[in-house]
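What follows is a single structure, written as structure tokens, with notes after it.
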Amino acid sequence: MTAPTVNAYSSAMERKVVFPAGILQPPYFDMQGDDAANYGAIGAVIGHEIGHQFDDGGSKYDSTGALKNWWTEDDRKKFETRTGCVVDQFNTLDLGDGLHHNGKQVLGEALGDLGGVATAYRAWKRSLAGKPEPTVLDGFTAEQRFFIAFARVWGTQYRPEAMRLQLNTNNHPISKYRANATLQNIPEFQRAFHCKEGDPMTRPAQQQCKLW
Ligand SMILES: [Zn+2]
């Protein structure tokens, strides 16, 4: 990637995560901006890329970048139960017009999103230790600003043909679901926006997927 590229990537073989300068600007990151929004946006992107090192693909590489199993059988089994939850979630999401994701095809990216936002949230909370509670800004609590910043990253319009093409050929879920399907699994999001059981943004408790 070139310096002005607005993107990021992770390489399991080189054991590295890369963030070109282009992505280190609003709406991802603002030096003068609100911490909650920075953690929700670029923080979740950084968590996403680190997450790829431990997703269905990256977890099969060892610390030197060699394709070599270093997991116990028990851990791998539990990992597959947890990731199976995400496969089911994406397989069953109804996108209208008879369209669906292929859960296995988008699994690595969906895991990056789920692990990324959960890790960024914990990192943000840890950064607040010993500091005064963040105040309400523009009518939103800091928790709400964290999740709004996360979702804003995925504001996208598709033509129907582009959506079909992505569903059939791309390992990234449709942008809207990178925000919504991910947050349906996050109890901290539901608390921040007072979502109740049965609301569209709350998956039933026994179906909520959690990776890390
Ligand atoms: Zn990714």
Would you check if LEU114 is open to solvent by less than 80 Å² (accessible area, probe 1.4 Å) and within 14 Å of the ligand (Cβ to nearest atom)?
-> yes
Tally of residues being hydrophobic (A, V, I, L, M, F, W, C), crowded, with 20+ Cβ neighbours inside 10 Å and either farther than 18 Å from LEU114 by Cβ or within 16 Å of the ligand (Cβ to nearest atom) (or both) across the range 161-197 | 3
Does LYS77 satisfy the criteria of being without any contact (Cβ under 8 Å) to a residue 24 or more places away in the chain and either open to solvent by 80 Å² or more (accessible area, probe 1.4 Å) or touching a strand residue (DSSP E or B) at 6+ places or on another chain (Cβ under 9 Å) (or both)?
-> yes
Look through ALA66, ALA36, ALA12 and report the one residue that is under 30 Å from ALA192 (Cβ atoms), open to solvent by less than 60 Å² (accessible area, probe 1.4 Å) and aliphatic (A, V, I, L, M).
-> ALA36
Got a number for residues in the range 8-61 being under 14 Å from PHE147 (Cβ atoms) and of a type in the set (A, V, I, L, M)?
-> 4
Take the range 200-212 and flag every residue that is assigned to a loop (DSSP other than H, G, I, E, B) and more than 13 Å from ALA181 (Cα to Cα).
-> LEU211, TRP212
Considering each residue of the range 180-199, count those that are closer than 23 Å to ALA142 by Cβ, more than 12 Å from the chain's Cα centre (by Cα) and not in a helix (DSSP H, G or I), and give that number.
-> 5
Return the pairs, sorted by first residue and then second, in which the second residue is open to solvent by 40 Å² or more (accessible area, probe 1.4 Å), the first residue lies in the range 143-161 and is farther than 16 Å from ILE42 by Cα, the beta carbons are less than 6 Å apart, and the residues are 6+ apart or on different chains.
-> none
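The values are calculated or read from the model by the stated rules, or taken from the named source; none is laboratory data. Since the structure is predicted, the reported quantities are computational estimates derived from the model, not experimental observations. Cβ sites come from the backbone with ideal geometry, for glycine too, and all protein chains shown count toward neighbours. Surface areas here come from the heavy atoms of the whole protein model, side chains and all, with no ligands, DNA or RNA. Shrake-Rupley method; radii C 1.70, N 1.55, O 1.52, S 1.80 Å.
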